[in-house]
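Read-outs: derived from the displayed coordinates by stated rules, not from any lab. What you are looking at is a predicted structure, and each value in this text was computed from that prediction instead of being measured. Here Cβ is always computed from backbone atoms with ideal geometry, including for glycine, and neighbour counts include all displayed protein chains.
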Amino acid sequence: MNSKIVATRTETAPAEPEHHVTERADDLLALTRDEFMTLVNEAADLVLAELDLGDRDLDLLNLVVNTAGYLIDNPDAEADLDAVITDQYGIEPEELRGWWDWS
């Protein structure tokens, strides 16, 4: 597991875990990349389980998750969606934007 700290929390953790993910974290004040991405993916799964979303919404939610992963892996990079698409999907940005007439 990557031990690099990618996110920190400054508030005091509750005495009792409020969510099952917090029970798995060794240290709630410092999350590794894998722990952070687990939280992001579980948040996306929670939304998907509770809402009747179509393929377009699913693709958009996955794009957000993949963008979070890209930003963690490239903290010094300028936030650029085209770079995210090229890196995470291996396609030209225009192709992804054409999936649902995203522009």
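The table below gives the values:
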| quantity | calculated |
| --- | --- |
| Kirkwood-Stokes translational diffusion coefficient of the stretch 40-103, alpha-carbon pairs, 25 °C, 0.890 mPa s, µm²/s | 195 |
| Separation of the LEU60 and SER103 label points, Cα + 7 Å toward Cβ, nm | 1.7 |
| Difference of contour (0.36 nm per residue) and Cα-Cα distance, GLU78 to GLU94 | 3.8 nm |
| Options GLY54, VAL84, ILE72, ranked by Cα towards positive dipole end of the stretch 52-103, top entry (Cβ charges) | GLY54 |
